[in-house]
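Colleague: Here you go, one structure.
The values are calculated or read from the model by the stated rules, or taken from the named source; none is laboratory data. All values derive from a computational prediction rather than experimental measurement. With ideal geometry, Cβ positions are generated from the backbone for all residues, glycine too; neighbour counts draw on all protein chains shown.
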Amino acid sequence: MADKGEGVYMPHDHIRENSHVSSIEQYHKMYKESVENPEAFWGKIAENFYWKSQCTGKFWEYNYDVRQGEIFIKWMAGATTNVCYNCLDHNIEKGLGDSVAFYWEGNYPGDASQITYNELLKEVCKCANVLINKGVKKGDRVAIYMPMIVELVVAMLACARIGAVHSIVFGGFSADSLAGRILDSKSSVLITADGVYRGEKMLNLKDISDTAIQECQDAGFTVTSCIVVRHLGEKREPGAGGDVEHHPPKRPCIKLQTKWHNDRDCWWHDLMADASDQFEPVWLDAEDPLFMLYTSGSTGKPKGVLHTQAGYMLYAATTTKYVFDYKPGEIYWCTADIGWITGHSYITYGPMLNGATSVIFEGMPLWPDAGRMWEIVDKYKVSKFYTAPTAIRTLMKFGEDYVKKHSRKSLKVLGTVGEPINPEAWLWYYNVIGDKRCSIVDTYWQTETGGHVLTPLPGATPAKPGSATLPFFGQVPAVVNENGEELDGPCEGYLVLKQPWPGQMRTVYGDHQRFERTYFQKFPGYYLTGDGCIRDKDGYYWITGRTDDTMNVSGHLLSTAEIESALIEHSAVAEAAVVSYPHSIKGECVYCFVTLKEGKLFNDALVGELKGKVRQKIGPIAVPEYIQNAPGLPKTRSGKIMRRVLRKIARNQQDLGDISTMADSSVVEVLFQNRPKNV
Ligand code: PRX
């Protein structure tokens, strides 16, 4: 993308010439068809996939208006297919059986493996048989709490093959969070691993799983099977010998801390050894569920976002193809964890549906040093690379030397996702990582949307640093004001989507009313993203951040209410209010105000305990950066906490705006005085 001045970066010729969409005119033409005639557009794409039987009714159908009755979205209802079959068997039939599906790169440099499409199919069939033997049937939920290893993909695809609904919980969540998700989804089978190293830090996943299973038991729900991948192996005394041959020399061993429950716990490798490598897929309706994935909401309880078969398949595949301009033979790498939606859509499903060869990385960007990512790029000749702004900002801090040590000349498209990217980080990504010859794609989307919503296409869209640019095919964004009126031209307001697209979530698992309330109530007739945005004179969209009580820390969406309820569980806390605060690496961080009970003392020990409470209830990602003593909180006369005012106090901005509705304005001065010294 050559600089056209005014911060507009045009696609470079070498990228444009070979790309699927090679001009902005071609984008506009395809876009027009996608929104004016979705059936023709997606119908043509559907021809590339395998359908056991064709769609019998309407190709798409929906109600977006709560005033007209229940909200529903359906694509290709009546058609039957299997997403796992399309990821594996269908590609193998096309001759891709011996291609590498995944290069696995372990935490320890030198600990690596690879698996072809043929090999992966066998593993998936074995795992499907294992699950069936454990009593899992179509529609049952299976919880997965695993590190970034190939067995995680095997487990997901095995669920998809038998029609079970996988519910993956990010390996960084605490036992309490895992238990909450198992209980909500009623998953009686849990797949995990003994443990994993991330950098030099070990996470004992089996121990955490045991605690979570016990919590479920205490709440009256039994996890009947816990299948454990032996990833780190058993620690043995020197010279003791034994069954450790499977163990790569570089990977440290651990000893499980918790008891092995013979009636419930089983080793993955034992079950897989006895299982057949043949399994006929279960043919599923287009609208049967494929997976659920929890995301933070405005209220404390995470929402189980439910995605279905056909629509998600079409959307994950199509966005991967166009947004990364993926072509057969290229090496693709998304650094996200599969425990988040980015990993679902852009490590497993989207790339595999394109027959891609991808990298799965278990480790982290800074270990053993800040050059690890570029070392991996060179090792596998990665051309399409996808990461988060927070990772880019972290690496920026370490300087260019770690980057320049590696050639990176295979790179062509550099993607970002998860939070707004500041222009400074965008430019560093473009100039330093991409050597001014790659396309940057800033992709805006959500767990709920299943795939990209606003994004440039690498060979077509002139980019502006900090803008997610234009809608992807099938997306009809609009900007509305507080009264729900659509704004024209350049404007700022709430970002809504006017028309369904195939990859859209269908419901909140077990709570359809919450789905309607959260996304369709505020502005009837529109899907509410919950993000604010600016549309500029060129029709480009610039996301300004969340407009509800969630915040985005290092690209992870957190609920203020969930953190508050963790804090309130501490015996010293009477009341808590949480707001976001700007952070140079994480984008935003967690800032808490706590009101203590009579006679309780605010000191460093208490701050440590409160942080520990959040870590225990949610996980390390939610641990507050700042906790401040708040003898009183600013509230309206009806008792509602005025977070708007708290955000200003956190930022030390004295101009509080209209505070006429505040019950007792004297609390404000005390709060300004009590701001933590380290802010
Ligand atoms: O606020 C937006 C932000 O992340 C939210 C979605 O979070 P989650 O469901 O966890 O999914 C993250 C990965 C898709 C959005 O509502 N967000 C995501 N991507 C961007 C972004 N904000 C600005 N620019 C982006 N590219």
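Colleague: Condition first: touching a Gly at 6+ places or on another chain (Cβ under 9 Å) and farther than 13 Å from LEU256 by Cβ. Can you find one or more residues in the range 153-161 that meet it? Give the steps one after another, and end with the answer.
Modeller: So the first thing to find is which residues in the range 153-161 are touching a Gly at 6+ places or on another chain (Cβ under 9 Å), and the list is none.
Looking for residues that are touching a Gly at 6+ places or on another chain (Cβ under 9 Å) and farther than 13 Å from LEU256 by Cβ, one finds none in the range 153-161, hence no.
Colleague: Is there a residue being closer than 30 Å to MET505 by Cβ and more than 16 Å from the ligand (Cβ to nearest atom) anywhere in the range 411-424? Full working, then the answer.
Modeller: Going residue by residue through the range 411-424, those that are closer than 30 Å to MET505 by Cβ are 413-422.
From the residues that got through so far, the ones that are more than 16 Å from the ligand (Cβ to nearest atom) too are none.
Among the residues of the range 411-424, not one is closer than 30 Å to MET505 by Cβ and more than 16 Å from the ligand (Cβ to nearest atom), which makes the answer no.
Colleague: Also, quick follow-up: Check the range 334-355 and report whether any residue there is part of a strand (DSSP E or B), at pLDDT 95 or above and buried (at least 24 other Cβ atoms within 10 Å of the Cβ).
Modeller: So far as the range 334-355 goes, yes, one or more of its residues are part of a strand (DSSP E or B), at pLDDT 95 or above and buried (at least 24 other Cβ atoms within 10 Å of the Cβ).
Colleague: Now, a different point. How many residues does the range 283-305 hold that are within 16 Å of the ligand (Cβ to nearest atom) and part of a strand (DSSP E or B)?
Modeller: Residues that pass the stated criteria total 8.
Colleague: Quick one: what pairs do we get from the range 424-447, first residue closer than 15 Å to PHE324 by Cα and among the aromatic types (Phe, Trp, Tyr), second within 11 Å of the ligand (Cβ to nearest atom) and in a strand (DSSP E or B), C-beta under 7 Å, 6+ apart or different chains?
Modeller: Between residues of the range 424-447 that are closer than 15 Å to PHE324 by Cα and among the aromatic types (Phe, Trp, Tyr) and residues that are within 11 Å of the ligand (Cβ to nearest atom) and in a strand (DSSP E or B), the close pairs are TYR444/LEU454; TYR444/ILE543.
Colleague: Here is a follow-up. If GLY532 satisfies every condition in (1) within 14 Å of the ligand (Cβ to nearest atom); (2) surrounded by fewer than 19 Cβ atoms within 10 Å (Cβ to Cβ); (3) over 28 Å from GLU36 (Cα atoms) but one, which is the exception?
Modeller: Failing condition for GLY532: (3).
Colleague: Does the range 325-349 hold any residues that are charged (D, E, K, R) and within 13 Å of the ligand (Cβ to nearest atom), and which are they? Show your work before the answer.
Modeller: Keep residues of the range 325-349 that are charged (D, E, K, R), which gives 325, 327, 330, 337.
Within the range 325-349, ASP337 is the sole residue that qualifies.
Colleague: Residue by residue through the range 376-395, note down the ones that are away from the ligand (no atom under 16 Å from the Cβ) and either of a type in the set (Val, Ile, Thr) or under 21 Å from PHE324 (Cα atoms) (or both). So that I can check it myself, show each step before the final result.
Modeller: If we filter the range 376-395 for residues that are away from the ligand (no atom under 16 Å from the Cβ), which is where we start, we get 376-384, 394-395.
Of everything in the range 376-395, those that are away from the ligand (no atom under 16 Å from the Cβ) and either of a type in the set (Val, Ile, Thr) or under 21 Å from PHE324 (Cα atoms) (or both) turn out to be ILE376, VAL377, ASP378, LYS379, TYR380, LYS381, VAL382, SER383, LYS384, THR394.
Colleague: What number goes with the only condition from (1) touching a Cys at 6+ places or on another chain (Cβ under 7 Å); (2) surrounded by fewer than 22 Cβ atoms within 10 Å (Cβ to Cβ); (3) not polar (S, T, N, Q) that MET202 does not pass?
Modeller: Here MET202 clears every test but (1).
Colleague: Would it be correct to say that ALA460 is aliphatic (A, V, I, L, M), modelled with pLDDT of 95 or more, more than 16 Å from the ligand (Cβ to nearest atom) and crowded, with 22+ Cβ neighbours inside 10 Å? Quick ask: steps written out before the conclusion?
Modeller: Working: aliphatic (A, V, I, L, M): yes; modelled with pLDDT of 95 or more: yes; more than 16 Å from the ligand (Cβ to nearest atom): yes; crowded, with 22+ Cβ neighbours inside 10 Å: yes.
Yes: the conditions hold for ALA460.
Colleague: Same structure again: Identify the residue in the range 425-436 that is more than 11 Å from the ligand (Cβ to nearest atom) and assigned to a helix (DSSP H, G or I) and, among all such residues, is surrounded by the most Cβ atoms within 10 Å (Cβ to Cβ). Quick ask: steps written out before the conclusion?
Modeller: Going residue by residue through the range 425-436, those that are more than 11 Å from the ligand (Cβ to nearest atom) are 425, 427-436.
Filter once more, keeping what is assigned to a helix (DSSP H, G or I): 425, 427-433.
Values: ALA425: 23, LEU427: 17, TRP428: 19, TYR429: 26, TYR430: 21, ASN431: 11, VAL432: 17, ILE433: 22.
Checking each candidate, the answer is TYR429.
Colleague: VAL590 fails exactly one of the following numbered conditions: (1) over 22 Å from the mean Cα position of the chain (by Cα); (2) crowded, with 22+ Cβ neighbours inside 10 Å. What is the number of that condition?
Modeller: (1)
Colleague: Of all residues in the range 437-455, count the ones that are near the ligand (Cβ under 7 Å from one of its atoms), over 13 Å from ALA468 (Cα atoms) and hydroxyl-bearing (Ser, Thr, Tyr).
Modeller: Summing the residues that are near the ligand (Cβ under 7 Å from one of its atoms), over 13 Å from ALA468 (Cα atoms) and hydroxyl-bearing (Ser, Thr, Tyr) in the range 437-455 gives 1.
Colleague: Among the residues that make up the range 489-509, is at least one of them in contact with a Cys (Cβ under 6 Å, 6 or more places away or on another chain) and closer than 28 Å to HIS583 by Cα?
Modeller: Narrowing the range 489-509 to residues in contact with a Cys (Cβ under 6 Å, 6 or more places away or on another chain): 495.
Those left that are additionally closer than 28 Å to HIS583 by Cα: 495.
The answer is yes, given that some residue of the range 489-509 is in contact with a Cys (Cβ under 6 Å, 6 or more places away or on another chain) and closer than 28 Å to HIS583 by Cα.
Colleague: Output the strands (runs of 3 or more DSSP E) that fall wholly within the range 86-159 and possess 1 or more residues being farther than 20 Å from PHE291 by Cβ and touching a residue at least 60 places away in the same chain (Cβ under 8 Å), or say none.
Modeller: Details: elements: 100-105, 112-116, 141-145.
Filter on the range 86-159 gives 100-105.
Colleague: Still on this model: Search the range 368-411 for residues being of a type in the set (D, E, K, R) and closer than 22 Å to GLU588 by Cα, and hand back the single one that is nearest to the chain's Cα centre (by Cα). If you could, list the steps in order and put the result at the bottom.
Modeller: From the range 368-411, those of a type in the set (D, E, K, R) are 369, 372, 375, 378-379, 381, 384, 393, 397, 400-401, 404-405, 408-409; that's our starting set.
Then keep just the ones that are closer than 22 Å to GLU588 by Cα; that gives 393, 397.
Details: ARG393: 19, LYS397: 24 Å.
Within the range 368-411, the match that is nearest to the chain's Cα centre (by Cα) is ARG393.
Colleague: Can you tell me which of GLY510, GLY489, GLY503 is assigned to a loop (DSSP other than H, G, I, E, B) and touching a Phe, Trp or Tyr at 6+ places or on another chain (Cβ under 6 Å)? Steps first, answer last, please.
Modeller: Working: GLY510 fails: touching a Phe, Trp or Tyr at 6+ places or on another chain (Cβ under 6 Å); GLY489 fails: touching a Phe, Trp or Tyr at 6+ places or on another chain (Cβ under 6 Å).
Only one candidate passes the filter, namely GLY503.
Colleague: For the range 365-409, please list each of the helices (runs of 4 or more DSSP H) lying entirely inside it that holds at least 1 residues being of a type in the set (D, E, K, R), touching a residue at least 60 places away in the same chain (Cβ under 8 Å) and more than 18 Å from ALA336 (Cα to Cα). Give the derivation first.
Modeller: Details: elements: 372-380, 389-398, 401-404.
It comes to 372-380, 389-398.
Colleague: Right, GLY220: surrounded by fewer than 24 Cβ atoms within 10 Å (Cβ to Cβ), at pLDDT below 95 and of a type in the set (Gly, Ala, Ser) or not?
Modeller: Numbers: surrounded by fewer than 24 Cβ atoms within 10 Å (Cβ to Cβ): yes; at pLDDT below 95: no; of a type in the set (Gly, Ala, Ser): yes.
When the stated conditions are applied, GLY220 does not pass them.
Colleague: I'm trying to understand the selection: among the residues of the range 306-317, which are assigned to a helix (DSSP H, G or I) and more than 16 Å from the ligand (Cβ to nearest atom)? Give the steps one after another, and end with the answer.
Modeller: Applying the first criterion (assigned to a helix (DSSP H, G or I)) to the range 306-317 yields 309-317.
Once the filter is applied, which keeps residues that are assigned to a helix (DSSP H, G or I) and more than 16 Å from the ligand (Cβ to nearest atom), the range 306-317 yields GLN309, ALA310, GLY311, MET313, LEU314, ALA317.
Colleague: Given TYR103, TYR85, TYR145, which one is hydroxyl-bearing (Ser, Thr, Tyr) and within 18 Å of the chain's Cα centre (by Cα)? First the steps, then the outcome.
Modeller: Working: TYR103 fails: within 18 Å of the chain's Cα centre (by Cα); TYR85 fails: within 18 Å of the chain's Cα centre (by Cα).
One residue alone meets the criteria, TYR145.
Colleague: Let me ask something additional. Please go through the range 486-523 and give me each residue that is of a type in the set (Gly, Ala, Ser) and buried (at least 20 other Cβ atoms within 10 Å of the Cβ), ordered by number. Working first, answer last.
Modeller: To start, the set of residues in the range 486-523 that are of a type in the set (Gly, Ala, Ser) comprises 489, 493, 503, 510.
Once the filter is applied, which keeps residues that are of a type in the set (Gly, Ala, Ser) and buried (at least 20 other Cβ atoms within 10 Å of the Cβ), the range 486-523 yields GLY493, GLY503.
Colleague: So, one more: Given ARG637, ARG651, ARG615, ARG647, which one is among the charged types (D, E, K, R), on the phi < 0 side of the Ramachandran plot and more than 32 Å from the chain's Cα centre (by Cα)?
Modeller: Values: ARG651 fails: more than 32 Å from the chain's Cα centre (by Cα); ARG615 fails: more than 32 Å from the chain's Cα centre (by Cα); ARG647 fails: more than 32 Å from the chain's Cα centre (by Cα).
It is ARG637.
Colleague: In the range 554-578, which residues are under 22 Å from GLY599 (Cβ atoms) and of a type in the set (S, T, N, Q)?
Modeller: Matches in the range 554-578: SER571 only.
Colleague: Tell me which residues, restricted to the range 622-644, are assigned to a helix (DSSP H, G or I) and modelled with pLDDT of 95 or more. Full working, then the answer.
Modeller: Here is the first cut: in the range 622-644, the residues assigned to a helix (DSSP H, G or I) are 622, 643-644.
Matches in the range 622-644: ALA622 only.
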